[in-house]
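Have a look at the structure below before the remarks.
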Amino acid sequence: MDNNAQLIAQCEARAKQWLTPAFDEETRKAVQAMLDNEDKTELIDAFYRDLEFGTGGLRGIMGAGTNRMNKYIVGMATQGFANYILKAFPGKQCSVVVGHDCRNNGRMFAESVADIFSANGIRVFLFESLRPTPEISYAIRQLGCQAGVNVTASHNPKEYNGYKAYWDDGAQVLAPHDKGIIDEVNKVTIDDVKFEGNKELIEIIGGEMDWDYLQAVKEAMVDQDVILRQKDLNIVYSPMHGTGRVIIPEALRSWGFQNIHVVPEQMVIDGNFPTVVSPNPENAEAMTLGMKLGTRLNADLVIASDPDADRLAIVCRNAKGEWEIINGNQTCMMFCWYIIANKKKLGQLKGNEFLVKTIVTTEVIRKIADKNGVELRDCYTGFKWIANEIRKDEGVKKYIGGGEESFGFLPFDKVRDKDSPASICLICEIAAWAKDNGKTLYDLLMDIYVEYGFSFEHTINVVRPGKTGADEIKQMMENFRNDPPKDLGGSEVCLWKDFQTLEARYADGRVEKLDMPDTSNVLQWFCTDGTKVSVRPSGTEPKIKFYVEVKDPTMRCANCYERCLAGAKEKLEAIKECLKL
């Protein structure tokens, strides 16, 4: 039997287990249809593996099968999570927060999660309807819960749903709990799941928590006087059919902004995301309706949040008066610059503050921090690692902000995940500050480049779906690890970092140990001219990601920007050719 025939036979055997009475009629029919289909592609994709409960939880395409998001996979994950919580807190009346976003099946999954936790004797605070991811994180801390779950696939396409698992500090789980939960989940069979909930242990929450969260978000404000002077800043906002639709306009008003307009077509709650190809603020297409409204209203800036309102997107006018999307690196850079510069001016820096960025985020932030005497820490991709840095020095050092290139920022410590309501309010404050000084956000960005050096960042996503794709991505990482590049686009590589072995190797032969809290499947290459390339498989999507950063020290004024950008894009193409992308 060849490998493909063997794989089909294995998938058929796994699929037949889903034809038992433990699964509902709709699921059995869907599985039988896959078995009956001569084309076995769908069957293989649905059953070639178990949808992995990773360190962040679950994320996958919805449908029947072991490699799909459905109530049975969610049920087994929740049962395993419940088992771990009860072991971790013996003799305690444990409690959890459960929420969801706008995605199809979100409410059904959330209610199922609540039922299973309650059936295991765990008290559940279930949000009455969709809520932002950062509010789930906040509620866990506010209510003193041991854990939490948010049913969301963040910015993924409409076919996806997911399950983010949180621990008692409001952050997504880290060691040792991540591996402990995974072990418990892997032990669970469908017969172990307690689907029948105990309604007496489920409490519906909503408005009061919204109020508390909105009050907490105001702690991210740096300078209210600026907002009072520029309260008529013309703001256009879109929630992209998701959870920010009510809370973000309310947050902006609570900060003092009075001229807020929403994109009406995208205020409609809809898990099919009918007005965008994908509800990802990283994609320019998703911002089209906002920019059209911004043009008609002559807005100062256009902002958006993704469906679970943890990421944000910002569009401002460039030097030609045209709309330009500020990318995630630029966004993070402007946040860090403003927080440092204005807290310093207002006497709010006491000398014990620190910022955090992920290892794939722009190095310009380090220059800003170093020049101003503020500690900057690097961590792995994902806000659980930023939360880990906050937790390590809580009560000793003051966290003042942290972010990553993928359009996420957290400007205060009451939440332990990226927070678009707080970040959107703060970027509007920054825009108000710029306007108060006769500038736009774009002008501010140019000022930062002139002072700290031009840097161009670009992420290349190589998508490889299904089992064959997963195998190809694994092989690509092995090839790069075994035969790393010696130059990138004509620039000599002088430092290679491997976060799986935690080794940094220099061109002169020196080898140093990387000081990181855990290993991660990430490679980084640094060149003599400041070029940086990072490579890692995505933890949530079937893709491998290449993060490219190119420098140009010759930007002396804003008029140099287009020249520097054109040169950097040429360099990017040369790097892609070197990497055969």
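The values are calculated or read from the model by the stated rules, or taken from the named source; none is laboratory data. Keep in mind it's a predicted model, so treat the numbers as computed, not measured. Neighbour counts run over all protein chains shown; Cβ positions are idealised from the backbone, glycine included. Note: areas computed on protein heavy atoms with side chains; ligands, DNA, RNA excluded. Shrake-Rupley method; radii C 1.70, N 1.55, O 1.52, S 1.80 Å.
Points to keep in mind about this one:
- Solvent-accessible area assigned to carbon and sulfur over the chain amounts to 48 percent, based on a 1.4 Å probe.
- Sequence of R311, R505 when ordered by accessible area, the most exposed leading, probe 1.4 angstrom: R505, R311
- Label zone (K439, point 7 Å along Cα-to-C-beta; backbone nitrogen cut-off 14 Å) within the range 305-332: 319.
- Rg then Dmax, both in Å and based on the Cα atoms of the chain: 24.0, 75.
- Positive-end extreme of charge dipole, the chain - chosen from F81, C145, L441 (charges on Cβ): L441
- Accessible-area ranking of K543, K92, K320, largest first, probe 1.4 Å: K320, K92, K543
- Rolling a 1.4 Å probe over the protein heavy atoms gives the chain an accessible area of 40 Å² per residue.
- When only the Cβ of Lys, Arg, Asp and Glu is charged (+1, +1, -1, -1), the dipole of the range 41-142 relative to its Cα centre reaches about 300 debye.
- Length released on extending from K179 to T41, taking residue separation times 0.36 nm less the Cα-Cα span: 46.5 nm
- Model label points for K320 and R510, set 7 angstrom from Cα along the Cα-to-Cβ axis, are 4.6 nm apart.
- Rounded to the nearest 5, the antiparallel percentage of DSSP beta bridges internal to the chain is 65%.
- Two-decimal Rg to Rh for the range 369-490 - Kirkwood Rh, Cα set: 1.05
- Summarising the label geometry, the points placed 7 Å from Cα in the beta-carbon direction at N521 and K29 lie 3.8 nm from one another.
- Across the options T554, G347, H458, the greatest Cα extent toward the positive end of the charge dipole of the chain (unit charges at beta carbon of Lys, Arg, Asp, Glu) belongs to G347.
- All C-alpha to C-alpha distances of the range 1-67, sorted into 5 Å bins beginning at zero, yield P(r) values of 3, 18, 27, 23, 16, 9, 3, 0 percent in whole numbers.
- Ordering 32-41, 486-495 by mean Cβ neighbour count within 10 Å, with the highest value first, yields 486-495, 32-41.
- K218-E52 pseudo-label distance in nm [points 7 Å out on the Cα-to-Cβ vector]: 4.5 nm
- When only Cα pairs below 8 angstrom with a gap of at least 6 residues are kept, the chain shows a relative contact order of 11 percent.
- A Cα-only calculation for the range 190-348 places Rg and Dmax at 18.6, 63 Å.
- Taking the range 194-271 and dividing mean pair separation by its residue count, relative contact order in percent (alpha carbons under 8 Å, at least six apart): 34 percent
- Environment charge of P239, counting only residues whose C-beta is closer than 14 Å and scoring Lys/Arg +1, Asp/Glu -1: -4
- Label zone at A558, where the point sits 7 Å out along the Cα-to-Cβ direction: the range 409-453 residues whose backbone N lies under 18 Å: 430-453
- Dipole moment magnitude, nearest 20 debye, the range 441-542 about Cα centre, only Lys, Arg, Asp, Glu C-beta charged: 460 debye
- Rg(Cα)/(2.2 N^0.38 Å) for the range 255-372, N = residue count: 1.25
- Overall dimensions of the range 475-581 as given by Cα atoms, namely Rg and Dmax in Å: 15.1, 44
- Over the Cα atoms of the range 1-143, the radius of gyration divided by the Kirkwood radius equals 1.05; this is the Rg/Rh ratio.
- By the helix-only formula, in which each DSSP H run with n ≥ 4 contributes -39500 (n - 2.57) and the sum is divided by residues, the chain has a 222 nm mean residue ellipticity of -12000 deg cm²/dmol.
- Think of the chain as having a plus end and a minus end, set by charges on the Cβ of Lys, Arg, Asp and Glu; of M267, L376, A470, L376 sits farthest toward the positive end of this dipole.
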